[in-house]
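Quick notes on the structure that follows.
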Amino acid sequence: MRPASSSAERTIFMTFFQNLTRDNEIGANCYLLEVDGVRVVLDSGMHPKHEADEALPRHDLLGDLSLDGIFLSHAHLDHTGTIPLVMRRHPEAPVFATHATVDLADALLHNSVNVMTSKSEELGLTQYPLFTHRELDRMESQWRGCNLNRWFDVDAEGRLRASFHHAGHILGGAGILLEGDGQRILYTGDVNFEDQSLMSKAELPEDDIDVLIIETTRGASPRDPEYKRRDEEIRFLQAIKACLEQGGSVLIPVFAMGKTQEVATLLHNFKKDGSLPDVPVHIGGLSTKMTMIFDRYASTSPRRYPDFKILSEMDLVIASKSRRKRSLKYEPGHIYALSSGMMTEKTVSNGFARKFIDNPANSLLFVGYADPSTPAAKIRQAKRGSMITLDPEQDDVKFDCELEVFDFSGHANRDDLLAYMKRVNAKKTILVHGDLAASKWFRAELQRDCPDMEVIIPISGQKIELD
């Protein structure tokens with residue numbers, strides 16, 4: 001128990017931020033914040049490139065002291081994948097997130113158990129699964145669904161309060177504003193300052209922020225100054241129509257959460273205005289369950305089409321996961337929006353590509369990031385006509401279809417991020433969630449244009465005083 005405080009005598013605590021990620025990169029995002037003796041964790045992800053212990057944040061740095069709360073900015077695996085491990089160590093700590101994020105995270109974490117169980121069997125990883133379905137069910141009582149733009153106390157004494165603010169990244173994604181010890185601290189999570197097909201742009205606070213903790217994902221990637229999202233949408237439409245007109249089909253690898261629903265909305269809009277024929281659109285894998293959750297919040301989340309429900313209005317073809325049904329078969333003149341977005345081995349998009357990418361009439365359209373080590377990136381770098389390894393356990397496949405890449409990122413471009421940092425003009429700006437080159441680019445720009453701002457790239461384990 002911490003000592004009680006009074007107006008006559010009060011224990012003085014250090015206010016600090018500590019980076020619990022293993023490196024300066026996009027991976028197992030996790031941060032510890034202590035304000036006036038109130039300790040909270042911001043996100044706790046799983047690194048997508050690593051396995052077992054190497055995929056985890058540095059939870060050992062939390063020590064034996066209790067936590068007053070765990071905050072989740074949004075439900076993507078690199079932010080939520082190891083939340084159950086923090087909950088296990090600190091069963092007394094509530095987990096704060098928006099209502100939509102609670103539902104999405106629950107579905108994703110249960111799916112993660114299935115994925116880890118398969119890896120345990122296939123790769124002999126004895127640490128997996130890191131948690132179980134039953135454990136997740138028991139932890140449900142710790143979750144606290146929160147509304148946007150509403151203050152609440154984190155601790156019983158009211159030393160720290162918090163509010164969530166729409167971040168524009170995916171459904172439920174929110175920046176977290178914390179007030180305590182005379183300071184206002186904003187953690188953006190992943191953010192997007194542009195409208196997407198479905199989700200509306202971020203609405204984050206800008207005034208009187210003392211400490212800004214902000215993502216830097218796209219800092220090393222300048223965007224074409226001539227880029228306009230509407231032009232990119234038209235180019236995407238033209239690529240689909242050209243493929244269908246020559247008798248082929250379109251495969252769009254998508255992430256189950258976020259990108260599936262954005263692409264589905266874009267295709268719906270094309271059909272609605274008559275620019276795209278009413279051809280069948282297939283989704284499969286985890287995408288269906290995630291889309292059901294997106295539809296559940298159709299009228300209560302910040303989005304461009306508040307009454308649009310994807311599953312009921314689009315008449316999608318749902319691919320069954322059952323091997324007996326085998327409902328996902330190739331047909332000409334169809335669109336297949338299948339997860340995963342990086343075509344990872346054993347996913348629906350990877351398996352379907354085996355019977356797809358050798359057909360010159362078909363088109364493979366990428367709408368998101370692909371890590372260099374993934375099958376998606378290998379195809380994007382390959383020459384047409386070459387042999388591609390989609391799965392090392394199976395024969396290579398000839399790559400002989402059209403391929404195009406489109407910029408529909410759910411992350412803010414670096415110019416928008418930089419402009420926001422300058423508008424906020426915090427006393428301290430802490431650059432996280434980005435490769436070192438990205439963070440260094442932001443630091444150089446801010447040090448030149450905001451000389452009174454302290455710009456910090458936090459190394460793993462480093463405690464940064466915020467007083």
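The values are calculated or read from the model by the stated rules, or taken from the named source; none is laboratory data. A quick note: this is a predicted structure, and the numbers were derived from the prediction, not measured. No Cβ is skipped: glycine too gets one built from the backbone with ideal geometry, and neighbour counts run over all protein chains shown. Ligands, DNA and RNA are stripped out before the accessible areas are found, and what is left, the full protein with its side chains, is counted by its heavy atoms. Shrake-Rupley method; radii C 1.70, N 1.55, O 1.52, S 1.80 Å.
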Would you mind getting the Kirkwood hydrodynamic radius of segment 110-182 from its Cα pairs, rounded to one decimal in Å? 15.4 Å
q = 0.13, 0.18, 0.23 Å⁻¹: log10 I(q)/I(0) that the Debye formula gives for segment 384-467, counting C-alpha atoms only: -0.62, -0.82, -1.16
Please give the charge dipole size of segment 210-263, origin at the Cα centre, charges +1 on K and R Cβ atoms and -1 on D and E Cβ atoms. Round to the nearest 20 debye. 140 debye
Taking the Kirkwood radius as the inverse of the mean 1/r across Cα pairs, report the Rg/Rh of the chain. 0.98
Pull out the extension gain between LYS228 and ARG448, defined as 0.36 nm times the separation in residues minus the alpha carbon to alpha carbon distance; nm, one decimal. 76.4 nm
Can you compute the charge dipole magnitude of segment 10-79 about its Cα centre, using +1 on each Lys and Arg Cβ and -1 on each Asp and Glu Cβ, nothing else charged? Give it in debye, rounded to the nearest 20. 220 debye
Straight distance only, please: which lysines reach the Cα of LYS271 with their own Cα at less than 28 Å, same-chain residues fewer than 8 apart left out? LYS201, LYS228, LYS241, LYS259, LYS289, LYS309, LYS321, LYS329, LYS355
Leaving out ligands, DNA and RNA, what percent of the accessible area of segment 390-456 is carbon and sulfur, probe 1.4 Å? 41 percent
ARG296 to ALA382: extension gain in nm, 0.36 nm per residue of separation minus the Cα-Cα distance? 26.9 nm
Compute the helix-to-body angle for 229-245: its Cα long axis versus the longest principal axis of the chain, expressed 0 to 90° and rounded to tens. 30 degrees
Please give the length that would be gained between ASN114 and GLU140 if that part of the chain were fully extended, namely 0.36 nm times their separation in residues minus their C-alpha to C-alpha distance (nm, one decimal). 7.5 nm
Report the far tail of the P(r) of segment 33-179, meaning the percent of Cα-Cα pairs longer than 25 Å. 27 percent
Taking segment 322-467, the whole-percent share of alpha-carbon pairs separated by over 20 angstrom is 60 percent
Tilt of helix 414-424 relative to the longest C-alpha principal axis of the chain, in degrees (0 to 90, nearest 10)? 20 degrees
Partner aspartates and glutamates for LYS49 [C-alpha distance under 18 Å; skip if fewer than 8 residues away on the same chain]: ASP23, GLU25, ASP78, GLU122, GLU345, ASP371, ASP391, ASP435
Of the options ASN111, GLY69, THR101, report the single residue whose Cα projects farthest towards the positive end of the charge dipole of segment 1-113 (beta-carbon charges: Lys, Arg +1; Asp, Glu -1). GLY69
With the 1.4 Å probe rolled over protein heavy atoms, the chain has an accessible area per residue in Å² of 43 Å²
Accessible-area composition of segment 39-85, carbon plus sulfur, in percent [1.4 Å probe]: 50 percent
Could you give the angle, 0 to 90 degrees to the nearest 10, between helix 99-123's Cα long axis and the longest principal axis of the Cα atoms of the chain? 70 degrees
For segment 147-224, what value does the Rg/Rh ratio take when both radii are computed over Cα atoms and Rh is the Kirkwood radius, given to two decimals? 1.03
When the accessible area of segment 279-377 is split by element with a 1.4 Å probe, what percent falls to carbon and sulfur? 53 percent
